[in-house]
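Data block below; observations after.
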Amino acid sequence: MINRDCEKTIIDKLFKGKVIIVFGPRQSGKTTLVKHIFDNIDVKKKWFNADEPDIRISFTGASSTQLKNLAGNAQLIVIDEAQRIENIGLVLKLIVDNFPEIQVIATGSSAFELADRINEPLTGRKWEFKLFPFSYSELSENFGILEEKRMLEQRLVFGSYPEIVLASGNHKSLLNQLSDSYLYKDILALENVKKTDKLENLLRALAFQIGSEVSFNELAKIVGLDNQTIEKYILLLEKSFIIFRLGSFSRNLRSELKKSRKIYFFDNGIRNSIINNFNSVEMRDDIGALWENYIISERLKFTHYNEIFSNKYFWRTIQQQEIDYLEEREGKIFAYEIKWKSIKKNYFSKTFTEAYTNSNTQFITKDNYSEFLTEK
């Protein structure tokens, strides 16, 4: 098993009087992670798989007495695929309020399936953990930094989903199956999301625009939907951990773009599967965009797992001056330019450095990306 960066943090939160929620995309390893914790903790425990119809029926509408009967003398109970239980937030609230000595861990396939249904009933009663596909930090810890660096081009093309990383071959077929089975399953289950072809066209358009500013008006014309529906679909894609957006950073200059956004994919392999391009790095004309997507998505995982709280942006002016990625944390601005090719001159936008004189600037390249993705 490849150890996950959030496992120790989850263990540290056990038996502190709150429900632990582990959610993320399908096939990211949530059940494997929680099973590892479950198997290695020496307490009385029970595992409930909510994919089983009788388990769902038992928990749905259960009273506190019925829930106690289900738990029995267990000190730890796991509810896997908890989003499949109706009113799961209220069920978890009953357990934590009436039986604080019982530790509950619940897993769910995506934020909109589980987290959005539990926020109100579990306010102040939960710890939430997102589990992404394997991170660079996790893989380098398991395989060694040198070996993981050797695998860089593989990760850029095929991504870091557990099934892909651990497979001995057949990556294209596995990725296409993963993409087809998980991309739409949750989204199409929601009310009024029925236009699969439009959703596929939207994802394809976004896949071709990683690293570029995204216009909802332009996307609406490409896909054939109105702006409001485009925004709704993008929100659903974000909540199902397929994409994420960066907003534009603006503080001092009139020339700064204030309402722009860029959209990236959580996993390079899923992005390449959508456009059906698994060409090797040396044969690609989008390597700059792939590298940028990889670095920013990996940095997002790293900051999340290490509880580095920051606002994340890109920066651009009307005159097309641009910085790929910014973090605002602890009152400071950290600006990063992400370059695939070697840099002869370390040049940052003079407009930016003069406007934000106390900012920290750095180029992220193949020479130093490992430190950027592993060092706090």
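The values are calculated or read from the model by the stated rules, or taken from the named source; none is laboratory data. Note that this is a predicted model, so its numbers are computed, not measured. When we count neighbours, we look across all protein chains shown, and the Cβ atoms used for this are built from the backbone with ideal geometry, even at glycine. Note: areas computed on protein heavy atoms with side chains; ligands, DNA, RNA excluded. Shrake-Rupley method; radii C 1.70, N 1.55, O 1.52, S 1.80 Å.
Quick notes on this structure:
- Matching helices (runs of 4 or more DSSP H) fully within the stretch 1-85 where at least 2 residues are within 25 Å of I187 (Cβ to Cβ) and either of a type in the set (G, A, S) or at pLDDT 95 or above (or both): 30-39, 53-59
- So R204, is it open to solvent by 10 Å² or more (accessible area, probe 1.4 Å), in contact with a strand residue (DSSP E or B) (Cβ under 6 Å, 6 or more places away or on another chain) and at pLDDT 90 or above: no
- Counting the residues of the stretch 27-37 that are of a type in the set (D, E, K, R) and under 11 Å from the mean Cα position of the chain (by Cα) gives 0.
- When restricted to residues that are of a type in the set (S, T, N, Q) and in a helix (DSSP H, G or I), the stretch 270-279 contains 2.
- Only listed residue being in contact with a Phe, Trp or Tyr (Cβ under 9 Å, 6 or more places away or on another chain) and open to solvent by 30 Å² or more (accessible area, probe 1.4 Å), chosen from K46, K30, K18: K18
- Looking at E292, E298, E282, E337, just one residue is in contact with an Asp or Glu (Cβ under 7 Å, 6 or more places away or on another chain) and part of a helix (DSSP H, G or I), and that residue is E292.
- Complete set of residues in the stretch 301-327 that are buried (at least 18 other Cβ atoms within 10 Å of the Cβ) and assigned to a helix (DSSP H, G or I): K301, F302, Y305
- Checking S342 against (1) open to solvent by 30 Å² or more (accessible area, probe 1.4 Å); (2) over 25 Å from Y136 (Cβ atoms); (3) among the small types (G, A, S), the condition it does not meet: (2)
- Criterion violated by K126 - all others in (1) open to solvent by 70 Å² or more (accessible area, probe 1.4 Å); (2) modelled with pLDDT under 95; (3) charged (D, E, K, R); (4) over 27 Å from G159 (Cβ atoms) satisfied: (1)
- The listed residues are N176, N170, and the only one of them that is in contact (Cβ under 8 Å) with a residue 40 or more places away in the chain and either within 23 Å of M283 (Cβ to Cβ) or open to solvent by 30 Å² or more (accessible area, probe 1.4 Å) (or both) turns out to be N176.
- For the stretch 352-368, filtered to residues that are more than 29 Å from the chain's Cα centre (by Cα) and either open to solvent by 40 Å² or more (accessible area, probe 1.4 Å) or of a type in the set (G, A, S) (or both), the residue that is nearest to I323 (Cα to Cα) is T353.
- L90, sole failed condition from (1) more than 26 Å from H36 (Cβ to Cβ); (2) buried (at least 19 other Cβ atoms within 10 Å of the Cβ): (2)
- Boolean, Y182 is touching a Pro at 6+ places or on another chain (Cβ under 7 Å), at pLDDT below 85 and either crowded, with 16+ Cβ neighbours inside 10 Å or farther than 19 Å from I263 by Cα (or both): yes
- Selection count where residues are assigned to a strand (DSSP E or B) and either free of Cβ contacts under 8 Å to residues at least 60 places away in the same chain or open to solvent by 20 Å² or more (accessible area, probe 1.4 Å) (or both), scope the stretch 236-252: 4
- Scanning the stretch 49-76 for residues that are within 13 Å of L94 (Cβ to Cβ), β-branched (V, I, T) and open to solvent by less than 70 Å² (accessible area, probe 1.4 Å) returns a single hit, T60.
- Scanning the stretch 1-15 for residues that are touching a residue at least 24 places away in the same chain (Cβ under 8 Å) and charged (D, E, K, R) yields a count of 4.
- K16 meets the conditions (1) touching a helix residue (DSSP H, G or I) at 6+ places or on another chain (Cβ under 9 Å); (2) within 19 Å of G124 (Cβ to Cβ) in every case but one. The failed one is (1).
- Residue match in the stretch 146-158 (condition: closer than 23 Å to R261 by Cβ and either modelled with pLDDT of 90 or more or surrounded by fewer than 16 Cβ atoms within 10 Å (Cβ to Cβ) (or both)): no
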